[in-house]
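Every number here is computed from the coordinates shown, using simple stated rules; none is lab data. Please read these numbers as outputs of a predicted model, since none were measured by experiment. Here the Cβ positions follow ideal geometry from the backbone for every residue, glycine too, while neighbour counts run over all protein chains shown.
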Amino acid sequence: MPAGKLHIRKGDQVLILSGKNKGKKGKVLKAFPAKNKMLVEGINIIKKHARPTPKIPQSSIREMEAPIHASKAMLICPSCQQPTRVSYRFLSDGKKIRGCKKCGENIEK
Ligand SMILES: [Zn+2]
């Protein structure tokens, strides 16, 4: 897949295909199309040492998501709830939308 053409977008539900979170589902919090990466809620949690800030004067360990590669996740279709590949189609106004290859429904609302 060429960089910058991420088939997954913010707000999508995805299924994790590999790594320690394999089989888990999560919501995409942020997509990084240029890097083919994305941040998925609850997936690939890393512990990060946070420096003291005026708000939190003690240093602490924060848990946060680290980006995963897009190839490690598959989009879950909001219509059929199945992990699916994406097909692209064009609306009459020229807008490009994503469709589910399993049930044929449009993924974009
Ligand atoms: Zn579907």
(message) Taking θ = phi - 60°, what integer Hz values does the Karplus form 6.51 cos²θ - 1.76 cosθ + 1.60 yield along the range 30-43, in sequence order, with x for Gly and Pro?
(response) 7, 10, 10, x, 5, 9, 6, 10, 7, 9, 10, 4, x, 10
(request) With θ set to phi - 60°, apply the Karplus curve 6.51 cos²θ - 1.76 cosθ + 1.60 along the range 97-102 and write out the HN-Hα couplings as whole Hz, x wherever there is a Gly or Pro. (result) 10, 9, x, 7, 7, 8
(request) Please give the net charge around Ala31, taking every other residue with its beta carbon less than 9 angstrom from that of Ala31, where Lys and Arg add +1 and Asp and Glu add -1. (result) +3
(request) Rounding to the nearest 20 debye, state how big the charge dipole of the chain is about its Cα centre with +1 on each Lys and Arg Cβ and -1 on each Asp and Glu Cβ. (result) 220
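So what's Rg/Rh here for the chain, counting alpha carbon atoms and using the Kirkwood radius for Rh?
Taking Rh as the inverse mean 1/r over Cα pairs, Rg/Rh reads 1.09.
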